[in-house]
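The block underneath contains the structure these notes are about, expressed in structure tokens.
The values are calculated or read from the model by the stated rules, or taken from the named source; none is laboratory data. Here the structure is a predicted model, which is why all the values come from computation and not from measurement. We place every Cβ from the backbone using ideal geometry, glycine too, and count neighbours over all the protein chains shown.
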Amino acid sequence: DTEVTQTPKHLVMGMTNKKSLKCEQHMGHRAMYWYKQKAKKPPELMFVYSYEKLSINESVPSRFSPECPNSSLLNLHLHALQPEDSALYLCASSQQREVYSPLHFGNGTRLTVT
Amino acid sequence: AQKVTQAQTEISVVEKEDVTLDCVYETRDTTYYLFWYKQPPSGELVFLIRRNSFDEQNEISGRYSWNFQKSTSSFNFTITASQVVDSAVYFCALSDQDTGRRALTFGSGTRLQVQP
């Protein structure tokens, strides 16, 4: 079983909806990440939080809004998405945001935008 | 800038065959880390191994082994006596300082299908 829990597993939303993806880890990790993965492609980094502060935003459109309420939780708020935003959204955590820290991934949320 | 190349898009083998997944990387940093992840159909990426740039010792873990060669900038992964449960997409990834970004660069992945 993964130690990074993502909910929901599947989400279908219309272009006018507002929804949130949730991620939780209890490993005491201080860095958390959102990745987007399209079919047959590698994961693409979206956001990185380190000690609950946003460290990296990979020029992600503002319709994606991350939030890190505490060291265990990471949310991704979605608003006015486009069909091309349909993808697998993966959350990950690592002990520190250092080059040597392996990432631990959740099972992902499979998002479909209609 | 860093880059990871996995030239094999898809590999199909029959159970019990050995299979090697290739990974070639580029980086200007002298200190870097290489990783392999497995992504089964369930979607989760599973961390398999980490290797730092100063440790060229090969590693074996059960049926898995890794061959790191700095001279050829390669970090290849071999599965011995493959099993159907090994069917997954395997990603090689590089992490270096890259002007402070310190984020993983993934290769494009190799889809391994093990037929019974």
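If I filter the range B:67-100 down to residues being at the interface with chain A (Cβ under 10 Å from one of its Cβ atoms) and assigned to a strand (DSSP E or B), which single residue comes out as surrounded by the fewest Cβ atoms within 10 Å (Cβ to Cβ)? Per the criteria, the residue is B:89. Residue count for the range B:29-47, restricted to those that are at the interface with chain A (Cβ under 9 Å from one of its Cβ atoms) and either of a type in the set (Phe, Trp, Tyr) or in contact (Cβ under 8 Å) with a residue 12 or more places away in the chain (or both): 9. When the range A:62-103 is filtered for residues that are at pLDDT 95 or above, over 15 Å from residue A:36 (Cα atoms) and buried (at least 18 other Cβ atoms within 10 Å of the Cβ), only A:68 remains. Scanning the range A:44-92 for residues that are more than 19 Å from residue A:110 (Cβ to Cβ) and small (Gly, Ala, Ser) yields A:50, A:55, A:59, A:62, A:65, A:71, A:72, A:80.
Residue pairs whose Cβ atoms lie under 8 Å apart, separated by 6 or more positions or on different chains, with the first residue in the range A:55-77 and within 14 Å of chain B (Cβ to nearest Cβ) and the second among the acidic types (Asp, Glu) and part of a strand (DSSP E or B), are A:58/A:44. When the range B:48-66 is limited to residues that are assigned to a strand (DSSP E or B) and charged (D, E, K, R), the one that is farthest from the other protein chains (Cβ to nearest Cβ) turns out to be B:59. Applying the set (1) in contact (Cβ under 8 Å) with a residue 60 or more places away in the chain; (2) surrounded by fewer than 17 Cβ atoms within 10 Å (Cβ to Cβ); (3) more than 10 Å from chain A (Cβ to nearest Cβ); (4) over 30 Å from residue A:10 (Cα atoms) to residue B:26 leaves exactly one unmet item: (1). For the range A:1-22, the tally of residues that are loosely packed, with under 13 Cβ neighbours inside 10 Å, touching a residue at least 60 places away in the same chain (Cβ under 8 Å), among the charged types (D, E, K, R) and in a loop (DSSP other than H, G, I, E, B) stands at 1. Within the range A:33-54, the residues that satisfy the criterion of being aliphatic (A, V, I, L, M) and either more than 13 Å from chain B (Cβ to nearest Cβ) or out of contact with any Phe, Trp or Tyr (no Cβ under 9 Å at 6 or more places or on another chain) (or both) are A:39, A:54. I'd like to check something: does the range B:84-102 contain any residue that is on the phi > 0 side of the Ramachandran plot, of a type in the set (S, T, N, Q) and over 15 Å from the mean Cα position of the chain (by Cα)? Looking through the range B:84-102, at least one residue is on the phi > 0 side of the Ramachandran plot, of a type in the set (S, T, N, Q) and over 15 Å from the mean Cα position of the chain (by Cα).
Filtering the range A:23-61 to residues that are surrounded by 18 or more Cβ atoms within 10 Å (Cβ to Cβ) and assigned to a loop (DSSP other than H, G, I, E, B) leaves A:29, A:42, A:43.
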